[in-house]
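**Q** Quick one: this structure, given as structure tokens, is what I'll be asking you about.
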Amino acid sequence: MNNAIDKEAFRDGMAMLGGAVAIITSAGASGRVGMTASAVCSVTDAPPTLLVCINRNAWTHGQFVDNGVLCVNVLGADQAALSGRFANREITMPQRFLSHGWSELATGAPALDGALVNFDCRIVTSHDVGSHTVFYGEVLAIRHGEKRGGLVWFNRDYHQLAPVIPLQP
């Protein structure tokens, strides 16, 4: 079977698949690291596991491998600037972490204070697919933040989701 899908056509199509924006962080022997990502999804709830896809050419990739832990910090609608800060290669790692409060949960990976939710994970396995590594993280701790609207990446731009308003009976 010949896979003749044009790379740009694939990317254009995937731009229509919106995803929550998160800052993925890690800490350990290779230092403190963080990057913006939207390639995150749940795998199973028994045991609670999620996956994160990171390009092997990303300058942070090796640190995630070496540290063996990661924290998925899901951003709220008001945090697009923070997402941009962690996506900007010109901002050093120490500078990235200066603008907001951070704490630690179970693994020692930085957990963003004020995130919608933090999923603190131990990387249990990974495998390479094309240009990326798929990291599977067993969730060791969850911290829920304030309920408010979310931030999604869709059609190569940020979009804010309004807070959910409960229906009245």
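**Q** Would you work out the charge dipole size for the chain about its Cα centre, treating the Cβ of every Lys and Arg as +1 and the Cβ of every Asp and Glu as -1, and quote it to the nearest 20 debye?
**A** 180
**Q** Once phi is turned into θ = phi - 60°, what whole-Hz ³J(HN,Hα) does the Karplus curve with 6.51, -1.76 and 1.60 give for every residue of segment 125-141, x standing for Gly and Pro?
**A** Calculated HN-Hα couplings, in order: 6, 7, 8, 8, 9, x, 8, 10, 9, 9, 9, 9, x, 7, 6, 9, 8 Hz.
**Q** OK, next. In 10 Å bins starting at zero, report the fraction of Cα pairs in the chain per bin as a rounded %.
**A** With a bin width of 10 Å, the distribution comes to 10, 37, 36, 13, 3, 0.
**Q** Counting only residues 5 or more places away or on other chains, whose amide H sits under 5 Å from the amide H of G18 once H atoms are built in the peptide plane?
**A** Hits under the 5 Å cutoff: none.
**Q** Per Stokes-Einstein, at 10 °C and 1.306 mPa s, what whole-number D in µm² s⁻¹ belongs to segment 65-105, with the Kirkwood radius over Cα pairs as the hydrodynamic radius? The partial results should precede the final answer.
**A** On the way: Rh = 11.8 Å.
It comes out at roughly 134 µm²/s.
**Q** Please identify every one of the GluC sites (Glu not before Pro) in segment 1-104 that sits in a loop by DSSP and has no more than 10 other beta carbons within 10 Å of its own beta carbon.
**A** Sparse-neighbourhood loop GluC sites (Glu not before Pro): E90.
**Q** When all C-alpha to C-alpha distances in segment 25-110 are sorted into bins of 10 Å, what percent of pairs does each bin hold, rounded to whole numbers?
**A** P(r) over segment 25-110, rounded to whole percents: 15, 51, 30, 3.
**Q** Give me the percent of the accessible area of the chain that comes from carbon and sulfur atoms, probe 1.4 Å, all protein chains in place.
**A** Carbon and sulfur: 56 percent of the exposed surface of the chain.
**Q** Give me, ordered by chain and number, the residues 5 or more places off D113 or on other chains with an amide H under 5 Å from its own placed amide H.
**A** Those qualifying (amide H under 5 Å, at least 5 residues apart or on another chain) are G101, W102, S103.
**Q** List every residue whose amide H lies under 5 Å from the amide H of R56, counting only residues 5 or more places away in sequence or on a different chain, with H placed 1.01 Å from N in the peptide plane.
**A** The list, which skips near neighbours in sequence, is H132, T133.
**Q** Jot down the radius of gyration and Dmax of segment 99-169, Cα atoms only, both in angstrom.
**A** In order Rg, Dmax, the Cα atoms of segment 99-169 give 15.9, 49 Å.
**Q** Please turn the phi angles of segment 73-87 into ³J(HN,Hα) values with the Karplus equation 6.51 cos²θ - 1.76 cosθ + 1.60 (θ = phi - 60°), one per residue in order, whole Hz, x for glycine and proline.
**A** Coupling constants for segment 73-87: 10, 7, 8, x, 4, 8, 10, 4, 5, 5, 4, x, 4, 7, 9 Hz.
**Q** In bins 10 Å wide, starting from 0, what share of all Cα pairs of segment 32-71 does each bin hold, as a percent?
**A** 25, 56, 19, 1
**Q** Additional query: Which ³J(HN,Hα) values, rounded to whole Hz and listed in residue order, are derived for segment 149-164 from phi using the Karplus coefficients 6.51, -1.76 and 1.60 in 6.51 cos²θ - 1.76 cosθ + 1.60 with θ = phi - 60°, glycine and proline given as x?
**A** Going residue by residue, I get x, x, 10, 10, 10, 8, 6, 6, 7, 7, 9, 9, 9, 6, x, 6 Hz, with x marking Gly and Pro.
The values are calculated or read from the model by the stated rules, or taken from the named source; none is laboratory data. The model shown is predicted, which means the values in this text are computed figures rather than measured ones. We place every Cβ from the backbone using ideal geometry, glycine too, and count neighbours over all the protein chains shown. Side chains included, ligands, DNA and RNA excluded: accessible areas come from the protein's heavy atoms. Shrake-Rupley method; radii C 1.70, N 1.55, O 1.52, S 1.80 Å.
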